[in-house]
Amino acid sequence: MSEKLKTIKELADELGVSKQGVRYHMKSIPQEELKKNNKGIVVLNIEQQNFIKRKAKSDTVVSGKSDTAVSGKSDTVVSGKSDTHSGKW
């Protein structure tokens, strides 16, 4: 049986979180259980992926915040632009 291994980046992209977010949850996985691919990049097996997915999901549910809510800013405010602005100040 072939198992689908994913890199930290692949899992982070799938979950919509940063690589640092995935690494944070990886601290709970014993180092000796982590494997590297032929390029020396850490890859996560299905069990490890599911563990991190559960942890990432529970963090979101516990905090009740999205990325926008955490920053307190919407894309419009961050960019300083408004969809309704005429361009005249």
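Close Cβ contacts (under 8 Å, 6 or more residues apart or on different chains) running from residues in segment 26-48 that are on the phi < 0 side of the Ramachandran plot and acidic (Asp, Glu) to residues that are open to solvent by less than 30 Å² (accessible area, probe 1.4 Å) and part of a helix (DSSP H, G or I) comprise Glu33/Gln48.
Glu47 meets each of the listed conditions (1) out of contact with any Gly (no Cβ under 7 Å at 6 or more places or on another chain); (2) modelled with pLDDT under 95 apart from (2).
The values are calculated or read from the model by the stated rules, or taken from the named source; none is laboratory data. Nothing here was measured: the structure is a model prediction, and the numbers come from that model. Reconstructed Cβ throughout: ideal geometry from the backbone, glycine too, with neighbour counts over all protein chains shown. These accessible areas exclude ligands, DNA and RNA; they are computed on the full protein's heavy atoms, side chains included. Shrake-Rupley method; radii C 1.70, N 1.55, O 1.52, S 1.80 Å.
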